[in-house]
Amino acid sequence: MAIGRRIVPLARSGLHSLPTRCRTCVRWELDPLSAARATTAEMSAQAKRDWWQETLTSGSGGGVLARIDQQTVGYATWALPHRAGGGSATATGPVSPDAVLLMALRVEPDHRGTGFGRWLVQAVLRQVLHQPGDGRGTRAVEVFGSRLTSRDGADCLAPTGFWVACGFDVVREHPLTPRLRLDAGRLATWRADVRADVEEAWVRLRGAVRPPPAPAPVPARRGG
């Protein structure tokens, strides 16, 4: 059975394919005061859609979806620091002015350990470095990691160890949410490493769902 895996850009219309909880979460998009004004799930969802409409139009943020066939199995989003109100409210914020913030990264539990996380990060880096408009001149990507040992499955903070494995360095320590950074100058080596890791993971995945082998042909009988 063939597996169609792909990364696609996040459009405003694609927000509906995010997990239900994520569609109404404005943790990164809005500052705490603005988020508090959205007192219902419907108001939060509308605020998120409006934020993404403006952000995508201005080129000051973006995102990618990971899909297997037509199923979304993960996503990652980013924005320039002045657009991501939640970044400044985080304990180790604000993000450096020469960087963009990789806001959210999530892979569905059934698809973790298959290289999707690193593949999403690679796609975000490619998108950021080739983004026209306000994103020009970006020198780094920064992210907030999580040091929690027990994580809510819907949380969009990836473990600090994951980011370190991806080549990010801790630039501001914190017992729960350290801030990490990957400079643009390190991306060439990083891309080669992540490509190999992703391909290896997909070889394992394809092997796990490989169709049963065809039966061996029956040898023809010889006349006696």
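Laboratory data are not the source of any read-out in this text; all were calculated from the coordinates shown. Just so we're clear, the structure is a prediction, and the values are computed from it rather than from any experiment.
Short version: what are the Cα gyration tensor semi-axes of region 16-75, square root of 5 times each eigenvalue, largest first, in whole Å?
Details: eigenvalues 96, 45, 15 Å².
Sorted largest first and rounded, they come to 22, 15, 9 Å.
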If you wrap a convex hull around the Cα atoms of region 6-138, how much volume per residue is inside, in Å³?
110
